[in-house]
Amino acid sequence: MIFIVFKVVCAIIIVLELRTINLIYVQGHVGDYCRLQNRTFTLNICKTPPRLILPVCEGYCPSSSRWEFNYNRFVSRTSACTVTRYRVEDFVCRDSTHTSVKIIIPLACSCNKHYCQNSQ
């Protein structure tokens, strides 16, 4: 009986310690894919708006969940599917305006980046 009470007291102390330092994490997955997908865009900067097919990063990345003691539930943290490599192209309208814009074209996507990285 004393052994059972001792185990219960130890479990309560451990949970209280973890609660104060927020170290309870559970690994989960939301979908686990992140890829380039072609999308059609219309640039409304020209007299005759061109339609461009450009790649974009889309999808879901692995997430981790953490027990939030204030709300008594798990709160998920998901990392974004982000652009890791890109190139910049100049686009010039072929009409009389000759309006020019720079277009950023993604080359690679990844779930490993938790921040935007400037790389070319």
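Looking at the structure I just gave you, is SER76 touching a Lys or Arg at 6+ places or on another chain (Cβ under 9 Å), in a strand (DSSP E or B) and either modelled with pLDDT under 80 or aromatic (Phe, Trp, Tyr) (or both)? Walk me through how you get there before you give the answer.
On the way: touching a Lys or Arg at 6+ places or on another chain (Cβ under 9 Å): yes; in a strand (DSSP E or B): yes; either modelled with pLDDT under 80 or aromatic (Phe, Trp, Tyr) (or both): yes.
When the stated conditions are applied, SER76 passes them.
Quick check on my filter: what residues within the range 79-104 are under 22 Å from THR48 (Cβ atoms) and either in a strand (DSSP E or B) or touching a Phe, Trp or Tyr at 6+ places or on another chain (Cβ under 6 Å) (or both)? First the steps, then the outcome.
Initial filter on the range 79-104 (under 22 Å from THR48 (Cβ atoms)): 89-103.
Across the range 79-104, the qualifying residues are GLU89, ASP90, PHE91, VAL92, SER100, VAL101, LYS102, ILE103.
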Pair list, Cβ < 7 Å and 6+ apart or interchain, from the range 69-88 residues that are on the phi < 0 side of the Ramachandran plot to residues that are among the hydrophobic types (A, V, I, L, M, F, W, C) and not in a strand (DSSP E or B): THR78/VAL30; THR78/CYS61; SER79/CYS61; SER79/CYS111; ALA80/CYS61; CYS81/CYS61; CYS81/CYS111; THR82/CYS116
Residue within the range 46-61 that is aliphatic (A, V, I, L, M) and in contact with an Asp or Glu (Cβ under 7 Å, 6 or more places away or on another chain) present: no
Filter pass, PRO62 being surrounded by 11 or more Cβ atoms within 10 Å (Cβ to Cβ), modelled with pLDDT of 65 or more and farther than 30 Å from ASP95 by Cβ: yes
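Out of everything in the range 79-118 that is among the hydroxyl-bearing types (Ser, Thr, Tyr) and either modelled with pLDDT under 85 or more than 30 Å from THR42 (Cβ to Cβ) (or both), what residue ends up being farthest from the chain's Cα centre (by Cα)?
Of everything passing the filter in the range 79-118, SER96 is farthest from the chain's Cα centre (by Cα).
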Inter-residue pairs, beta-carbon under 9 Å, first in contact (Cβ under 8 Å) with a residue 40 or more places away in the chain and in the range 89-100, second basic (Lys, Arg) and not in a loop (DSSP other than H, G, I, E, B), 6+ apart: PHE91/LYS102
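The values are calculated or read from the model by the stated rules, or taken from the named source; none is laboratory data. Remember, it's a predicted structure, so these values are computed and weren't measured experimentally. Positions of Cβ are backbone-derived with ideal geometry, glycine not excepted, and every protein chain shown enters the neighbour counts.
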